[in-house]
Structures are given as C-alpha cells and as structure tokens.
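Only one structure is covered here, and it is reproduced in the block below.
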Amino acid sequence: MPLSPSSLESQSASLSIKDSCKLLIARVLVRLGKLRYDDFTKDELHELISDFFPHRFSLNIPIGTGTVNIHEGEISFNNEANRIALQCLATINIDVANTTLYRAHLVVVVSAKPDYDEISKTVLLTHVCVDTITLINDDYALLKDSRYVLNTFFPQGINSLVTSSLRSAMSLFTVGTSDLATEYLKLYLSDSKQAVLDYHKPKINQAIQEELKGTNLTHTMRKSHWREALFAQVGKSVRVENDRLRFYLTKTENTPQD
C-alpha cells in the first residue's frame, strides 16, 4: 500500500534535501517496476561491524588462563547456502604459573544466515555457527617443549611420566583438580601445536557461542540513510546473491525463496 505524503515526510525528516530527493526517485522507480533490489557490498557491511574489533574473551581451561583475541574480520559470501561468513584473524594465549605455554595465530570463520523482519524493519542473523578454526603456523607460534614443561612444573629429575609423582607435584598448586590439571599439562608434552589447538577447539567454539549470545546480531533500518529508509518502506526480504547482500524491494515470483 502506498505511503501517505505525511508518512513519507516523516520517513525523510532526518535526511538531507539531496537524499530526500534520491528516496523519492527510488520510490517512483520501485512503483514502476524499474527497481527491484538494492545491493550492499562487503565494504559497506564492514563499516557496520568495525566497532566490534578488537574483541577479547577467556577460555575455560583446567589450570592457568586462556584468552583469545579477535583482531580483525573480513566478510565473505556463500551464495549457494545463503550465508554471510566472517573470517577473523585471532590469537590464542595459554599461560600457566606466569609462563606462556602456548600462543598461536588462528583464522576463525563464523557464518550466519541473513533474514528480515518487515514489522520491526530489522535485518537479523540467524543459524550462527563456527565453521572452522585453523592454525597459522608462523613465527608468532610458540609451544614450550616437553623438557621445559617437565623442568618447570614437575619435580626435578623426572624424566618419565610417573602418574603418582605428577599428581603429587600438581597438588602443590591445584586443589581438588589435580587429575584434570595433570592430564591437561600432559597435552603440552606432545610438542604438537596442532594437538594443543585441537584440544582447545571445542572450548573456543563454546566461548564464541557464549559471546554471541550477548552480542546484538540485528540491524534496524536507519531513517538517516536514504537507502535504508527506502528498504524500511518497501523492503520484503534479504539474502546473499552475486557476492552481495541483496535487499529485495518488491515481492515477485522471481524473488528467491529458501
């Protein structure tokens, strides 16, 4: 149903005269069937997420402290699956007893499906999941070798993993969790950066999911931006198409449906 002049005036109240004219022309083109959709590029979407970076969160590990720092993210599109992906450069640090046992650069890929609610005029990200967590084995990567771990955390002279001795040593600085802590430190005796990351992947995934629960994954169309104001007036759906986030302005038989 066409908007009344008063409604149009309200929608464009926060726009400049130039943008108000653009909005009016676009409305006419939509009515004439000349304008069916509007595309938002990766660069435009990056502006919307720039305030999120950098971001830091903690990992729940048996002993010591684990942190993941997300430094920056790059958006990509999966046209066939109708998903937006965010590829992030991150670092993981594991510190025990004031000693960094492990650090590495990671690439974390999180993806979601875009959706649109016409009533609230809001774009939502749904079906969010962590797709991959990949180790970058560069000069930044650090893993204390097994000899260092034995000499630092266990009694001097230990040269083999004797469970009773390990438990006794761990009891010096753990209470009630010595078994867990012992098994956790054994992980670092493998001298494998990938094995250490594989252990932490489920914890990183869980931590990211917890962080996302407290993050606003919606964007309400702004009246101060004429393209968003246009979509708030006549927008019907949104999806990934042709490496763009495509906002459909009319509902036609050709509009893709999931």
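Each reported figure results from applying straightforward, stated rules to the coordinates on display, with no laboratory input. What you are looking at is a predicted structure, and each value in this text was computed from that prediction instead of being measured. Every residue, glycine as well, gets a Cβ built from its backbone with ideal geometry; the counts of neighbours run over all protein chains shown.
Please list, short to long, the whole-number percent of alpha-carbon pairs of the range 9-71 in consecutive 10 angstrom bins beginning at zero.
16, 22, 25, 13, 13, 9, 2
Report, by chain and number, residues whose modeled amide H sits under 5 Å from the one on residue 215, excluding near sequence neighbours (fewer than 5 apart, same chain).
Amide H neighbours of residue 215: none.
Given R₀ = 41 Å, FRET efficiency for residue 190-residue 14 by Cβ-Cβ distance, to 0.05?
Result of the calculation: an efficiency of 0.10.
Going by amide H atoms built from the backbone, whose H comes under 5 Å of the H on residue 82, apart from near neighbours?
none
Between residue 220 and residue 243, what length comes free when the chain is fully extended (0.36 nm per residue of separation minus the Cα-Cα distance, one decimal in nm)?
Extra length from residue 220 to residue 243 when fully extended: 6.1 nm.
Once fully extended, how much extra length lies between residue 206 and residue 126, figured as 0.36 nm per residue of separation less the alpha-carbon to alpha-carbon distance?
Separation in residues times 0.36 nm, less the Cα-Cα distance, equals 27.1 nm.
Given C-alpha coordinates of the range 61-158, what is the ratio Rg to Rh with the Kirkwood estimate of Rh?
Numbers: Rg = 19.6 Å, Rh = 16.4 Å.
Ratio value, two decimals: 1.20.
With θ taken as phi - 60° and the coefficients 6.51, -1.76 and 1.60, list the Karplus ³J(HN,Hα) couplings across the range 73-87 in order, rounded to whole Hz; mark glycine and proline as x.
Along the range 73-87, the couplings run x, 10, 7, 9, 10, 10, 5, 5, 8, 6, 9, 9, 10, 10, 8 Hz.
If you project the alpha carbons of the range 1-130 onto the principal axes, what extent comes out on each, in Å, largest first?
Answer, in whole Å and largest first: 68, 33, 25 Å.
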